[in-house]
Amino acid sequence: MKSKTFFIVGAEGVGKSSILETLNDRFKEVEFHDFDDVGVPENPTLQWRLNTTLHWIKKSIENQEKEITTCVLGLSFPKEVMSFEEFNKLENVSFCLLDVNEEERERRLIKRNASRDVIDDVENLLELRRQIKEINGKIIDTSKLSIEETFEEVVNFIGGEMK
């Protein structure tokens, strides 16, 4: 089987972190990473996000050479990922957006005691939707899904793409 690279993207509150450990258990042959695994500064900047994106692209290239499938979950913008020259070295890349409606996102973030600034910032969510649609990526609406159902939808996506 050829290795793949998956970017499972989404704004805060869609369920990415909640399914990460379970995905690790389900797919032993895939190396999963939280985008933020490299550390997040107190006030993350665009430059930090771009540097982190490039880090995960390079990690994916290393894994591809070893025939290891890589999956990065986090706030990765497809256009940013694809803007790096290094991206062209990746052979099999799939993007999936974990989406959520604004009302459900707010409910989830309030439950997590997120700041009002984070709750009110829907620009990332809107931009991710636009970019995923532009590249015909997969969209999974998690608004009415439990964590278990979200997990199963992502499992189906990854499993289908790995065939």
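The values are calculated or read from the model by the stated rules, or taken from the named source; none is laboratory data. If you're wondering where the values come from, they're calculated on a predicted model, not measured in any experiment. With ideal geometry, Cβ positions are generated from the backbone for all residues, glycine too; neighbour counts draw on all protein chains shown. For the accessible areas, the whole protein counts, side chains as well, though only heavy atoms, and no ligand, DNA or RNA atoms are used. Shrake-Rupley method; radii C 1.70, N 1.55, O 1.52, S 1.80 Å.
For the stretch 1-68, the Cα-based Rg and Dmax, in that order, read 13.1, 40 Å.
Once you reduce the stretch 109-163 and the stretch 1-53 to the center of their Cα atoms, the two points are 12 Å from each other. For the stretch 35-142, a simple Cβ point-charge model (Lys and Arg +1, Asp and Glu -1, everything else neutral) yields a dipole of about 160 debye relative to the Cα centre. Computed from label points 7 Å out along Cα-Cβ, the spacing between Glu62 and Val38 is 1.1 nm.
Per the 1.4 Å probe, what fraction of the accessible area of the chain, in percent, lies on carbon and sulfur atoms? Solvent-exposed carbon and sulfur of the chain make up 46 percent of the total. Remark: accessible surface ordering of Lys59, Lys111, Lys144 (largest first) is Lys144, Lys111, Lys59, probe radius 1.4 Å. Shape class for the stretch 111-163: oblate, because the ratio a/c of the largest to smallest gyration tensor axis (alpha-carbon atoms, square roots of eigenvalues) is 1.5 or more and b/c is at least a/b. By its C-alpha gyration tensor, with a ≥ b ≥ c as the square roots of the eigenvalues, how is the stretch 85-131 shaped: rounded for a/c under 1.5, else prolate for a/b larger than b/c, else oblate? Prolate, since a/c reaches 1.5 and a/b exceeds b/c. Within the shell defined by Cβ-Cβ distances under 12 Å, the residues around Ser76 carry a net charge of -1, with Lys and Arg each +1 and Asp and Glu each -1. The alpha-carbon positions of the stretch 39-104 define a convex hull whose volume is 115 Å³ per residue. Largest GNM mean-square fluctuation across Ser18, Ser76, Ser94, computed for the chain with C-alpha springs under 10 Å, falls on Ser18. Its Cα centre serving as origin, the stretch 93-142 has a Cβ charge dipole (Lys and Arg +1, Asp and Glu -1) of approximately 240 debye. The relative contact order of the stretch 87-153 comes to 49 percent, based on Cα pairs under 8 Å that sit 6 or more residues apart.
Which residue, Gly74, Gly137, Gly13, has the most motion in a Gaussian network model of the chain that connects Cα atoms within less than 10 Å? Answer for the Gaussian network model of the chain: Gly137.
According to the Kirkwood expression over distinct Cα-Cα pairs, how big is the hydrodynamic radius of the stretch 74-163, in Å? About 14.6 Å, per the Kirkwood formula over Cα pairs. Here the spin labels are modelled as points 7 Å beyond Cα on the Cα-Cβ line, and at Glu161 and Met82 they lie 1.4 nm apart.
Per residue, how much accessible area does the chain show when a 1.4 Å probe rolls over the protein heavy atoms, in square angstrom? The answer is 54 Å² per residue. Here the relative contact order of the chain, from alpha carbon pairs under 8 Å that lie six or more residues apart, stands at 35 percent.
In units of the rule-of-thumb radius 2.2 N^0.38 Å, the stretch 1-131 shows an alpha carbon radius of gyration of 1.07.
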